[in-house]
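Structure record follows, encoded as C-alpha coordinates.
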Amino acid sequence: QVQLVESGGGSVQAGGSLRLSCAASGNIFAIKTMGWYRQAPGKQRELVAGITWNGNTNYADSVKDRFAISKDNAKNTVYLQMDSLKPEDTAVYYCAISWGGMNSWGKGTPVTVSS
(Lines give C-alpha, C1' and ligand atoms only; values in the text may rest on other atoms or scores of the structure.)
Protein backbone atom coordinates (compact mmCIF):
# COMPACT_ATOMS: atom_id res chain seq x y z
CA GLN A 1 0.00 0.00 0.00
CA VAL A 2 1.37 3.39 -1.01
CA GLN A 3 0.99 6.33 1.36
CA LEU A 4 1.75 9.98 0.77
CA VAL A 5 2.37 12.15 3.78
CA GLU A 6 2.51 15.92 3.43
CA SER A 7 4.15 18.24 5.91
CA GLY A 8 5.21 21.84 6.21
CA GLY A 9 1.88 23.63 6.11
CA GLY A 10 0.96 26.29 8.61
CA SER A 11 0.10 29.92 9.09
CA VAL A 12 2.21 32.76 7.75
CA GLN A 13 1.85 36.44 7.06
CA ALA A 14 1.66 37.76 3.54
CA GLY A 15 5.10 37.95 1.99
CA GLY A 16 6.34 35.01 4.00
CA SER A 17 7.54 31.59 2.91
CA LEU A 18 6.72 27.96 3.55
CA ARG A 19 8.20 24.73 2.27
CA LEU A 20 5.93 21.75 1.81
CA SER A 21 7.19 18.19 1.65
CA CYS A 22 5.47 15.02 0.52
CA ALA A 23 7.06 11.66 1.16
CA ALA A 24 5.80 8.52 -0.52
CA SER A 25 6.16 5.21 1.22
CA GLY A 26 5.27 1.66 0.28
CA ASN A 27 5.79 -0.34 -2.86
CA ILE A 28 5.89 2.60 -5.24
CA PHE A 29 7.57 2.25 -8.60
CA ALA A 30 7.74 3.79 -12.07
CA ILE A 31 6.92 7.31 -10.88
CA LYS A 32 5.75 9.38 -13.84
CA THR A 33 4.79 12.71 -12.34
CA MET A 34 4.63 14.34 -8.93
CA GLY A 35 2.56 17.38 -8.23
CA TRP A 36 0.94 19.73 -5.81
CA TYR A 37 -2.70 20.74 -5.90
CA ARG A 38 -4.68 23.05 -3.68
CA GLN A 39 -8.29 23.58 -2.76
CA ALA A 40 -9.53 26.78 -1.21
CA PRO A 41 -12.87 26.93 0.60
CA GLY A 42 -15.73 26.95 -1.87
CA LYS A 43 -13.43 26.41 -4.84
CA GLN A 44 -12.41 23.49 -7.00
CA ARG A 45 -9.13 21.73 -6.53
CA GLU A 46 -6.50 23.13 -8.88
CA LEU A 47 -3.03 22.17 -10.01
CA VAL A 48 -0.35 24.35 -8.47
CA ALA A 49 2.82 22.75 -9.82
CA GLY A 50 3.98 19.50 -11.33
CA ILE A 51 7.27 17.80 -12.09
CA THR A 52 7.90 14.86 -14.39
CA TRP A 53 10.20 11.93 -13.85
CA ASN A 54 12.89 13.68 -15.93
CA GLY A 55 12.57 17.03 -14.18
CA ASN A 56 10.27 19.03 -16.44
CA THR A 57 8.13 21.42 -14.42
CA ASN A 58 4.93 23.35 -14.92
CA TYR A 59 3.15 25.90 -12.77
CA ALA A 60 -0.18 27.59 -12.47
CA ASP A 61 0.07 31.16 -13.72
CA SER A 62 -0.90 32.45 -10.29
CA VAL A 63 2.21 30.99 -8.65
CA LYS A 64 4.85 31.35 -11.36
CA ASP A 65 7.99 33.09 -10.10
CA ARG A 66 6.88 32.60 -6.49
CA PHE A 67 6.71 28.81 -6.06
CA ALA A 68 9.26 26.16 -6.98
CA ILE A 69 8.70 22.42 -7.16
CA SER A 70 11.53 19.94 -6.76
CA LYS A 71 11.99 16.27 -5.96
CA ASP A 72 14.39 13.80 -4.44
CA ASN A 73 14.14 10.56 -6.38
CA ALA A 74 16.10 8.59 -3.81
CA LYS A 75 13.62 9.56 -1.11
CA ASN A 76 10.46 9.48 -3.27
CA THR A 77 9.82 12.97 -1.97
CA VAL A 78 8.48 16.07 -3.68
CA TYR A 79 8.81 19.58 -2.32
CA LEU A 80 7.09 22.89 -2.90
CA GLN A 81 8.95 26.03 -1.92
CA MET A 82 6.45 28.84 -1.61
CA ASP A 83 7.75 32.40 -1.40
CA SER A 84 6.03 35.79 -1.45
CA LEU A 85 2.88 34.17 -0.19
CA LYS A 86 -0.41 35.99 -0.65
CA PRO A 87 -3.73 35.65 1.18
CA GLU A 88 -5.18 34.09 -1.97
CA ASP A 89 -2.73 31.21 -1.58
CA THR A 90 -4.71 30.09 1.47
CA ALA A 91 -5.90 26.54 0.83
CA VAL A 92 -5.39 22.92 1.70
CA TYR A 93 -2.44 21.66 -0.33
CA TYR A 94 -2.38 18.09 -1.58
CA CYS A 95 0.40 16.15 -3.21
CA ALA A 96 -0.30 13.61 -5.91
CA ILE A 97 1.92 11.06 -7.58
CA SER A 98 1.27 9.22 -10.79
CA TRP A 99 3.05 5.89 -10.70
CA GLY A 100 2.77 2.41 -12.13
CA GLY A 101 -0.42 3.37 -13.95
CA MET A 102 -2.06 4.61 -10.76
CA ASN A 103 -2.56 7.90 -8.94
CA SER A 104 -2.10 8.38 -5.24
CA TRP A 105 -3.06 11.37 -3.14
CA GLY A 106 -2.04 12.69 0.22
CA LYS A 107 -4.52 13.83 2.84
CA GLY A 108 -3.52 17.46 2.54
CA THR A 109 -1.79 20.07 4.63
CA PRO A 110 -3.41 23.44 5.32
CA VAL A 111 -1.76 26.73 4.45
CA THR A 112 -3.14 29.99 5.79
CA VAL A 113 -1.76 33.34 4.68
CA SER A 114 -2.89 36.38 6.61
CA SER A 115 -2.75 39.93 5.33
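The values are calculated or read from the model by the stated rules, or taken from the named source; none is laboratory data. Here the structure is a predicted model, which is why all the values come from computation and not from measurement. The accessibility values were calculated without ligands, DNA or RNA, using every heavy atom of the protein model including side chains. Shrake-Rupley method; radii C 1.70, N 1.55, O 1.52, S 1.80 Å.
Under a 5 Å amide H to amide H cut-off, with H placed in plane at 1.01 Å, what residues pair with V48 once short-range neighbours are removed?
For V48, whose amide H was placed from the backbone, the distant partners under 5 Å are W36, Y37, R38.
With every protein chain present, what is the per residue accessible area of the chain (1.4 Å probe, Å²)?
55
Considering only protein heavy atoms and a 1.4 Å probe, what is the carbon-and-sulfur percentage of the accessible area of the chain?
47
Report the Stokes-Einstein translational diffusion coefficient (µm² s⁻¹, integer) for the chain, Rh taken as the Kirkwood radius over Cα pairs, at 4 °C with viscosity 1.567 mPa s.
It diffuses with D of about 92 µm²/s by this estimate.
For segment 53-94, restrict the atom set to alpha-carbon positions and state the Rg and Dmax in Å.
11.6, 34
Go through segment 41-52 residue by residue and turn each phi into a ³J(HN,Hα) via Karplus (6.51, -1.76, 1.60, θ = phi - 60°); whole Hz please, and just put x for glycine and proline.
Ordered by residue, 3J(HN,Hα) equals x, x, 10, 6, 5, 9, 6, 9, 7, x, 9, 8 Hz.
May I ask you to list the lysines whose Cα is less than 26 Å away from that of K75, ignoring any residue fewer than eight positions away on the same chain?
K32, K64, K107
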